[in-house]
Amino acid sequence: MKFGKTKAIAPLEIKHGARYNLELIANITIPEIAMENVEDWVDFGKVLCGQRKTFYVRFVNDKEIACDWSLNTRQDVAMDKKKEEPKF
């Protein structure tokens, strides 16, 4: 099925009754987030050892539907690895 607005007819038959054609209308799309004011990738340039450089990025969703996302920081990832598996 292609993306965008589409229509389909679904026949509905009622036992010992009438037959109806339901017209179904949908807009098929995929949620998507993008970085605003950024080309294909983020370039921090040269950063001296022992120093840091901060780069602010804004995420936007230009699609018709909501796009859920989350952020994992290095600390979150490190804490996940330290969790022990339950012992049975």
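The values are calculated or read from the model by the stated rules, or taken from the named source; none is laboratory data. Keep in mind that this is a model prediction, so the values were computed, not measured. Here the Cβ positions follow ideal geometry from the backbone for every residue, glycine too, while neighbour counts run over all protein chains shown.
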If you go through segment 47-88, how many residues are loosely packed, with under 10 Cβ neighbours inside 10 Å and either modelled with pLDDT of 80 or more or assigned to a loop (DSSP other than H, G, I, E, B) (or both)? 27
Under the condition of being among the small types (G, A, S) and within 33 Å of the chain's Cα centre (by Cα), which residue from segment 7-28 is farthest from A66 (Cα to Cα)? A10
So A8 fits all but one of (1) surrounded by 10 or more Cβ atoms within 10 Å (Cβ to Cβ); (2) at pLDDT below 85; (3) not hydroxyl-bearing (S, T, Y); what number is the exception? (2)
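Looking at segment 33-46, is at least one residue under 25 Å from A8 (Cα atoms) and within 11 Å of the chain's Cα centre (by Cα)?
Of the residues in segment 33-46, the ones under 25 Å from A8 (Cα atoms) are none.
No - not one qualifying residue is present in segment 33-46.
Could you run through segment 1-46 and say how many residues are small (G, A, S) and either on the phi > 0 side of the Ramachandran plot or assigned to a loop (DSSP other than H, G, I, E, B) (or both)?
Looking only at that region, the number is 4.
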